[in-house]
Amino acid sequence: MNLMCPARILLLPGDGQDPAVGERIAQVYAGPFEAAAGSRIAEHLGVRLTVVPELTQRPDEELQSIADLHRGETVVVLGLDLGFRLPAVVEHTGDGWTRVRTDNEITLATYEQAAEKFRASIPPGPNTTLIELLASRVGPGARVLELGSGTGRDAAELERRGFVVRRTDATQAFIDMMRADGYAADRLNALSDDFGGPYDAVFADAVFLHFERAALAQVLRKAARAAGVLAFSTREGKGEEWSDRHLELPRHFVLWQEDPLRELLASTGWAVQQLERGEGRFGMWFYVLATRT
């Protein structure tokens, strides 16, 4: 804990459904009406819940008191309306409460600004290794939710093989790109949006590497409710990194070791059927096929 740093307040909706919490949480706070949801989240995170009766009557004063108690820490607060779209991370500055961009939001902003540069920087062909893994489990006609479709290169190959693909991406620039190429595409943020469904499979090529570890757990649980098969790729390595290669703007990457990745999948309702390694331009990759347990 760094007492010189302000507290980070993670504001969540009062229903408390599937919060994608991507950092260490010190405590959960909730008003009386959000106490039940707060209790579930606190139990999930392994921290204490404090119910604050005056939270909705005196939001600014109570939130400031919470922030003063937790300098240098991150806490969750449920059901408080400060005019931000939730979920949101806020800090108190001299001008009041300010929304702080998350690592994933910074990465999405990079893709918004550099979508065409990204398309020019990647190989034009699809990820055949990952597509072959999926095809080994589900056949033509299967309904596939693709998370992070990007330029649409994988979706085109999936459709060529007879799959019915729902293209989605959190970046509007990629949605516009795919639509300009003549394809239907939906704006969907895997961290905050419902997946819909049911589908036969969820497909995510080079998407999960942008998610904090705890946030990825929530995404995997949503995927398990949406489909019985999961195919994804992510980078092998240790820790996390920021990089501006290719796009000259920052992107955040979370790297994985095999054992923790397998443990995460098992804890979120998935059984690994195949895990392959492959070398990319900047290190090793995992290609994973899993089925719902």
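The values are calculated or read from the model by the stated rules, or taken from the named source; none is laboratory data. For clarity, every value in this text was computed on a predicted model and none was experimentally measured. Backbone-built Cβ (ideal geometry, glycine too); neighbour counts: all protein chains shown. Areas reflect the complete protein model, heavy atoms only, side chains present, ligands, DNA and RNA absent. Shrake-Rupley method; radii C 1.70, N 1.55, O 1.52, S 1.80 Å.
Observations, loosely collected:
- Compactness index (Cα Rg / 2.2 N^0.38 Å), the range 185-293: 1.06
- With N the number of residues in the range 236-293, Rg(Cα) / (2.2 N^0.38 Å) evaluates to 1.32.
- Helix-only [θ]222 nm of the chain, DSSP H runs n ≥ 4, -39500 (n - 2.57) each, per residue, nearest 500: -9000 deg cm²/dmol
- In the context of the full set of protein chains, the range 129-266 has a per residue accessible area of 39 Å² (1.4 Å probe).
- Translational diffusion of the range 147-230, µm² s⁻¹ [Kirkwood Rh, Cα pairs; Stokes-Einstein; 25 °C; 0.890 mPa s]: 187
- Alpha carbon convex hull of the chain, volume per residue in cubic angstrom: 141
- Note, ³J(HN,Hα) from phi for the range 195-208, Karplus 6.51, -1.76, 1.60, rounded to Hz, x at Gly and Pro: 7, x, x, x, 10, 7, 7, 10, 10, 9, 9, 6, 10, 5
- Cα lying deepest toward the dipole's positive end in the range 45-188, options LEU63, PHE84, ILE131, charges on Cβ: ILE131
- Estimated at 0.36 nm per residue, the fully extended path between GLU132 and ARG24 surpasses their Cα-Cα distance by 35.2 nm.
- Fraction of accessible area attributable to carbon and sulfur, the range 166-293 (%, probe 1.4 Å): 46
- Taking the square roots of 5 times each eigenvalue of the Cα gyration tensor of the range 111-196, largest first, gives ellipsoid semi-axes of 21, 16, 11 Å.
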